[in-house]
Amino acid sequence: MKTRLLGGIVALVLAIVGTLLLVSYVQGSEARAQQDLQPIDVLVVEKQIPVGSTLDEVKASVRLASLPAASVPNGALKSFDGLDGKVTSAELVPGEPLLGVRLVDPTSLAAPGSVPVPAGMQEVSVQLDAQRVVGGRIVAGDTVGIVALFADGANKEAPAVETAQQIFHKVLVTSVQRATAQASGNTSQTASAEQANTQLPTGSLLVTFARSDTDAAKIAFAAEFGKLWLTKEPESATENAPFTVKKMELYR
């Protein structure tokens, strides 16, 4: 009799403990679920954002939205604090949270030996002899003037004569590709640098510019049907009014 009574008490205690554990587990699950559903304000992309977009362009294409905590990835941004000067490292699509790793320094997007292309511009390349590229002493990041020369047909007032005109000023050079110079065996680094600065370049150079679509078409046309000559034109260089040089007026 006593054994049965003791067994009943133990069973009752176990049932109570089991019930308490079950209630505690259910309450914990509900708390975790509520925590996962708790909304968090993050920046979400509204319009497609191309790679290389500036921070101002990104700001115009995102909005602050509340998302369940469980759906917010690590690194999602809530503001743009401390991100001045950054650009997008990848194309962003509508609906995705804006991640901090997607905003990088502009120089990180450029290939070695090149500079980033400003937003909204295109790249166009021309192949030129060294004498037409300031002796080959143009590098990525320089700004240049572009002079177009035509044997005839470029000037409606004198279609049969040779003409030349600087058609663009301060054009950004994004890349310069040239033949690899053969290094001598016993030269120091300083001597090699001096030689690279004074040695006559071998072969042609492929120069790439950043320009608008219409300007890129003009550069391609002039390179195909005329000739191009570059000047090294820093930001401090003076720009005079457009002037067409004609052979018959050269000595005036």
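The table below gives the values:
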read-out: Subset of the stretch 112-143 (residues that are under 15 Å from the mean Cα position of the chain (by Cα) and part of a strand (DSSP E or B)); value: 114, 122, 123
read-out: Residues of the stretch 158-192 classified as under 30 Å from the mean Cα position of the chain (by Cα) and either at pLDDT below 50 or more than 29 Å from residue 118 (Cα to Cα) (or both), total; value: 1
read-out: Unmet criterion (only one of (1) at pLDDT 95 or above; (2) among the polar types (S, T, N, Q); (3) under 30 Å from residue 246 (Cβ atoms); (4) assigned to a strand (DSSP E or B)) for residue 214; value: (4)
read-out: Candidate set from the stretch 102-150 (those that are free of Cβ contacts under 8 Å to residues at least 24 places away in the same chain and charged (D, E, K, R)); member that is nearest to residue 51 (Cα to Cα); value: 102
read-out: Residue in the stretch 148-156 that is within 18 Å of residue 230 (Cα to Cα), crowded, with 18+ Cβ neighbours inside 10 Å and among the hydrophobic types (A, V, I, L, M, F, W, C) present; value: yes
read-out: Count of residues meeting criterion [farther than 28 Å from residue 202 by Cβ and either part of a strand (DSSP E or B) or in contact with a Gly (Cβ under 6 Å, 6 or more places away or on another chain) (or both)] in the stretch 144-165; value: 4
read-out: Complete set of residues in the stretch 85-94 that are exposed (fewer than 12 other Cβ atoms within 10 Å of the Cβ) and modelled with pLDDT of 90 or more; value: 93
read-out: Where a residue in the stretch 64-83 is more than 14 Å from residue 44 (Cβ to Cβ) and its partner, wherever it lies, is among the acidic types (Asp, Glu), with Cβ under 6 Å and at least six apart; value: 69/36; 70/36
read-out: The stretch 39-64: number of residues that are within 20 Å of the chain's Cα centre (by Cα) and part of a loop (DSSP other than H, G, I, E, B); value: 8
read-out: Residues that are part of a loop (DSSP other than H, G, I, E, B) and of a type in the set (A, V, I, L, M), drawn from the stretch 65-111; value: 72, 77, 83, 90, 93, 98, 110, 111
read-out: Within the stretch 110-156, tally of residues that are of a type in the set (Lys, Arg) and touching a Phe, Trp or Tyr at 6+ places or on another chain (Cβ under 7 Å); value: 1
read-out: Residue match in the stretch 108-122 (condition: surrounded by fewer than 16 Cβ atoms within 10 Å (Cβ to Cβ), out of contact with any strand residue (DSSP E or B) (no Cβ under 6 Å at 6 or more places or on another chain) and closer than 27 Å to residue 243 by Cα); value: yes
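For (1) modelled with pLDDT of 90 or more; (2) under 30 Å from residue 203 (Cα atoms), each residue gets a yes or a no:
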| residue | (1), (2) |
| --- | --- |
| 52 | no, no |
| 56 | yes, no |
| 100 | yes, no |
| 111 | no, yes |
| 120 | no, no |
| 127 | yes, yes |
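The values are calculated or read from the model by the stated rules, or taken from the named source; none is laboratory data. Note that this is a predicted model, so its numbers are computed, not measured. Note that each Cβ is placed from the backbone with ideal geometry, even for glycine, and that neighbours are counted across all protein chains shown.
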